[in-house]
Each structure stands twice: as structure tokens, then as C-alpha cells.
Amino acid sequence: MSTEQPPIDGVFAHIDANRDSFIARLMDYVRHPSISAQNKGIREVSELLVEMLAGLGMEVEAVPTKNHPMVLGRRGSDPSKPTVLLYGHYDVQPPEPYEEWLSPPFEPTIRDGRIYARGVGDNKGQHFAQLLAIESHLAVNGTLPCNVIVLLEGEEEIGSPHIAEFVAEHAARLKADLVVTSDGPLHPSGAPMVVFGVRGMASFDLVARTAGNDAHSGNHGGLMPNAVWTLVHLLATMKRPDGTITIDGLHDPVLPVSEQERAAAAALPLDVEGYKRDMGLTALDQPDDRPFYERLMFYPTLTINGLHGGYGGEGSKSVLPCEATAKCDIRLVEAMTPDQVLDAVEAHVKRHAPTVRMIRRGGMLPSKTPMDSPFTAPLVDAVVAARGVEPLLVPSLGGSLPDYVFTKTLGIPAFVIPYANADESNHAPNENLKIDLFIAGIRTGAALLDQLGRMSR
């Protein structure tokens, strides 16, 4: 049954009154490096987070994994209230190249209404906004509107290699009604979003070796097979010029797109010419007739990330290469799996180029939450209450996040509600977060808890 909740206005007033303090605390937080790829500062920041969550009255610990710890906290276990799991990651990308930063990456600096620092947008500023939303409810009301679990990962920037094992092992401690991740940027138009899915990924290498050594292209051309041509011919059998991926069995598991999803994609703001201009394009990739957003949401892709072999230095060298490598990835849509996709690729390679060796590099499952979820309306209402505008409903992102551990392992709906500006420069020098969006994120997080607390269970 529905539970009476105090109005959210008092919490919003508290957030506004503490704006300067919240900004200063975020800047202090992002001063601490936590670079997972280099194992710098991870332990220190995990301990800092344990202290933060304990200060919110949470039962909290840094749970060891085979590499970096997961910070797991919980407050509330009222069975009459819904439980939301707030996921984020405390690790950040390496800051190099340092010379391209206008200010040191771990000395946060405010310029033109933005905080510049490594990790401020991806993802420290966004999950810190969630923590401040929890704090604000407690400061005003002394309690939370719903039960809250916080899971902060220390390995997201290196591909989340242990989260699947962790979630499976600790499923009982992670039992929740829904998951909300605040990560990534707002829509390029500046509009807030509620995102219902992400694509997965499978990566592999193709290695051709045709002889023991490189050779003179005149003395051996026409006799010794060219490793680069071997890969070029193989790759040409995998995708036609019209954009069709021709790997047998690849598309077999793909689920049909619902009319609701297709309509939501078609309703998103779009400036194709502006996108082409920003990217320096004269045309989009094939096929010509495929709608812009449907390309990013509903179809797998095959990408050659790099093709290497032979001579690449200055001038010319009449060499016949004996070895070549192609690095590739395939983005997956529901209900494809990395194993199914890599099996299909391996069978294709054996059929078309049996001498080429395929190396599996792993992957990530896609994730999908139905757009008609009972949590859609309260999430939308939360964004409207906090920001005064309706969010865009986005069926899926083009990139990959480990949301599958929630939708597939835990079997609960997962949503992404980003707080950062579209030009946050995450993974690049001069990463930044607009201050107004950080404050709006705290308000959104507070409204989210409020709306969930008003739901019947």
C-alpha cells in the first residue's frame, strides 16, 4: 500500500542551501586518484568511500575481488518499501597525456561554470551526487523514503572483469527491485534521459601468417601468399559494401524491435547534418536507409579496430608481408551473447580462410529493460520534479555497460539516468562536469528516492 511521504521541497531547499559545500566536497573527492589500469589510489579511495557511506548510516564494507574491491553499502530493509540499487564506479581513466590538460588532472579547477578534473564526470561526480541526495534526505527527514543499496565498482574502466562473479556470489546482498546507474552524458541536445538498455560487445583478433619471414615483393610476389591480402579477402567476406554483415548465424538470436522502442528512437532530437559536420563526415555509413538512432540501438555492428602488417614507416619498402593482424569488435543487441557471436565468427573464418588464426578477446552481454516497466513512470516523474522538463526515453545506448549482471543475473530492471554534460570529455584530457548539472544530479537523485518511496509494493 502507498506510504505517506514528506514533501520533496524541503530536500530541494537543503540542496540549494548547501550548493557551495557540495561543490567543495566534490572537488576534494576528485583530488584522490583511483586509476584502475595502473592500480594507483584504488585502495585509498575505496577506504574513503567506506567512510562516506558509514557516515550515511549504512552497513558498508569494501568487498575483496580477485583485483580491486567493490564498495557495498545498504541502508533500510523495510519490506513494505521498494529497494533501489544505485550502481557507479570509483575508478577513473589514466590521465595521460598530461601536456594536453589546461590544469593538472588531479587538482580540480573551476573554469566557466565547470569543474575540470579526471573522473569528475566519469564517474565520481555522478555517484557522489547520488550519495549527497541520500545525505540530503537524511538531513531533512532523518530517514530515507525507500531502501537503498549502493554498489561502487573499482574496475569499470578496465572492462569490469570481476563484476559478474561478484554479483552471482553476493546476489542475496544485492536483492533489489530495480537498479539505477548515473553514468555517461546527457543527450547532445542537453535533454535529460532515461535509458533502458545497452549493447554488448565481443572482441577478437584475426592473425594471418603465410611464411617464415617477410620477403622481397619482386623476387617472391606471385609465389608467396601476402598475409595482408589474406586478411583483406577474409574481411570482405564478413561484411558487404551495403553494410550487411554476412556471418552465418550471427543474427539468429536477435529479438525483434517493439513498436514502442522504434517510436521512442524516432522521437529523439536529431541533427544529422550537425553530426556529420562535427565528425567531419560527408556521409553516414551504409546502409543508407537505416534510421540514425536505430543504427546505435537495434543492430549489431562489425568494426575493424585496426589492421596491421608489413611496412608502415616513411617512404616505400617493397616488402611482401608474412604476417598480418586485424583487431575487431562486434556490438551485440538482445539476445546475442559473446560466445554465440564468437562461435559464428570462428566457423566463418574456418570456412573462408582456414589458415587464419582467430583469438577470442572476450566480451560483454547486452542488457535490456522493457520500456513499459512499472518503474518508468516514477523515474520520469523524478526527472520532471528535479529539472522541470520531461526526459527523453532512450531504448538503448550504443556503448556497453555491465548492466547485464543486473538484468540477467539478478533478474531485475536496470536503468541509466546520466547527469553529465554531453561534452564532458570523459576518457580525454580536460574532463569536466558542469556545476549546474552536478546540482541537478543531486536533485534528481533525491527526487528518485522520493518517487520510489511513494510507490505501492
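Each residue in region 82-99 was checked for being of a type in the set (D, E, K, R) and open to solvent by less than 40 Å² (accessible area, probe 1.4 Å), and 1 pass.
Selection over region 28-51 of residues that are closer than 26 Å to L144 by Cα, surrounded by fewer than 20 Cβ atoms within 10 Å (Cβ to Cβ) and hydrophobic (A, V, I, L, M, F, W, C) gives a count of 2.
Residues in region 280-326 that are in contact (Cβ under 8 Å) with a residue 60 or more places away in the chain, under 18 Å from T210 (Cα atoms) and not in a loop (DSSP other than H, G, I, E, B): L307, G309, V319, L320, E323, A324, T325, A326. Counting only strands (runs of 3 or more DSSP E) that fall entirely inside region 38-143 and contain at least 1 residues that are out of contact with any Leu (no Cβ under 6 Å at 6 or more places or on another chain) and among the hydrophobic types (A, V, I, L, M, F, W, C), the qualifying elements are 59-63, 70-75, 83-89, 109-111. Within region 12-37, which residues are in a helix (DSSP H, G or I) and among the charged types (D, E, K, R)? D16, R19, D20, R25, D28, listed by residue number.
Which residue is least open to solvent (accessible area, probe 1.4 Å), if the candidates are limited to region 56-68 and must be out of contact with any Lys or Arg (no Cβ under 7 Å at 6 or more places or on another chain) and farther than 23 Å from F106 by Cβ? By that ranking, first place goes to V63. Within region 437-457, restricting attention to residues that are among the polar types (S, T, N, Q) and modelled with pLDDT of 95 or more, the residue that is farthest from the chain's Cα centre (by Cα) is Q451. Exactly one residue among E155, E165, E135 is of a type in the set (D, E), in contact (Cβ under 8 Å) with a residue 60 or more places away in the chain and touching a helix residue (DSSP H, G or I) at 6+ places or on another chain (Cβ under 6 Å), and that residue is E155. The number of residues in region 100-143 being in contact with a His (Cβ under 6 Å, 6 or more places away or on another chain), over 26 Å from T65 (Cα atoms) and open to solvent by less than 10 Å² (accessible area, probe 1.4 Å) comes to 1.
Determine whether D248 is at pLDDT 95 or above, over 23 Å from L397 (Cβ atoms) and in contact with a His (Cβ under 9 Å, 6 or more places away or on another chain). Spelling it out, D248 is indeed at pLDDT 95 or above, over 23 Å from L397 (Cβ atoms) and in contact with a His (Cβ under 9 Å, 6 or more places away or on another chain). Just to be sure, is V71 more than 24 Å from A428 (Cβ to Cβ), within 19 Å of the chain's Cα centre (by Cα) and either hydroxyl-bearing (S, T, Y) or surrounded by 14 or more Cβ atoms within 10 Å (Cβ to Cβ) (or both)? For V71, the condition - more than 24 Å from A428 (Cβ to Cβ), within 19 Å of the chain's Cα centre (by Cα) and either hydroxyl-bearing (S, T, Y) or surrounded by 14 or more Cβ atoms within 10 Å (Cβ to Cβ) (or both) - is met.
Against the definition (of a type in the set (D, E) and either in contact with a Cys (Cβ under 9 Å, 6 or more places away or on another chain) or farther than 27 Å from P69 by Cα (or both)), how does E165 come out, yes or no? Spelling it out, it is not the case that E165 is of a type in the set (D, E) and either in contact with a Cys (Cβ under 9 Å, 6 or more places away or on another chain) or farther than 27 Å from P69 by Cα (or both). Given the criteria over 30 Å from K276 (Cβ atoms), within 29 Å of the chain's Cα centre (by Cα) and at pLDDT below 95, does G154 qualify? For G154, the condition - over 30 Å from K276 (Cβ atoms), within 29 Å of the chain's Cα centre (by Cα) and at pLDDT below 95 - is not met.
When E334 is tested against (1) buried (at least 19 other Cβ atoms within 10 Å of the Cβ); (2) in contact with a helix residue (DSSP H, G or I) (Cβ under 9 Å, 6 or more places away or on another chain); (3) outside any helix (DSSP H, G or I), only condition (2) is not met. In the set (1) over 30 Å from R209 (Cβ atoms); (2) open to solvent by less than 90 Å² (accessible area, probe 1.4 Å); (3) in contact with a helix residue (DSSP H, G or I) (Cβ under 7 Å, 6 or more places away or on another chain), L270 fails one condition alone, (2).
Starting from residues that are out of contact with any Leu (no Cβ under 9 Å at 6 or more places or on another chain) and in contact (Cβ under 8 Å) with a residue 40 or more places away in the chain, keep the ones in region 169-189 and report whichever is least open to solvent (accessible area, probe 1.4 Å). Talk me through it step by step, then tell me what you get.
So the first thing to find is which residues in region 169-189 are out of contact with any Leu (no Cβ under 9 Å at 6 or more places or on another chain), and the list is 169, 172, 185, 188.
With the extra rule that they be in contact (Cβ under 8 Å) with a residue 40 or more places away in the chain, the set shrinks to 185, 188.
Numbers: P185: 51, P188: 112 Å².
Among residues in region 169-189 that are out of contact with any Leu (no Cβ under 9 Å at 6 or more places or on another chain) and in contact (Cβ under 8 Å) with a residue 40 or more places away in the chain, the one least open to solvent (accessible area, probe 1.4 Å) is P185.
When region 212-227 is filtered for residues that are part of a helix (DSSP H, G or I), touching a residue at least 24 places away in the same chain (Cβ under 8 Å) and either among the basic types (K, R) or open to solvent by 40 Å² or more (accessible area, probe 1.4 Å) (or both), the ones remaining, listed by number, are S217, G218, H220.
Here is a check on your reading of the model: is V345 more than 17 Å from D252 (Cβ to Cβ) and either in contact (Cβ under 8 Å) with a residue 24 or more places away in the chain or in contact with a Leu (Cβ under 7 Å, 6 or more places away or on another chain) (or both)? Quick ask: steps written out before the conclusion?
Details: more than 17 Å from D252 (Cβ to Cβ): no; either in contact (Cβ under 8 Å) with a residue 24 or more places away in the chain or in contact with a Leu (Cβ under 7 Å, 6 or more places away or on another chain) (or both): yes.
Considered against the rule, which asks whether it is more than 17 Å from D252 (Cβ to Cβ) and either in contact (Cβ under 8 Å) with a residue 24 or more places away in the chain or in contact with a Leu (Cβ under 7 Å, 6 or more places away or on another chain) (or both), V345 comes out as no.
Of the numbered criteria (1) surrounded by 14 or more Cβ atoms within 10 Å (Cβ to Cβ); (2) within 30 Å of T376 (Cα to Cα); (3) of a type in the set (D, E), the one D252 fails is (1).
The values are calculated or read from the model by the stated rules, or taken from the named source; none is laboratory data. These figures come from a predicted structure and were not determined experimentally. Please note: Cβ atoms are built from the backbone with ideal geometry, for glycine as well, and neighbour counts cover all protein chains shown. In case anyone asks, the SASA skips ligands and DNA or RNA and just uses the protein heavy atoms, side chains included. Shrake-Rupley method; radii C 1.70, N 1.55, O 1.52, S 1.80 Å.
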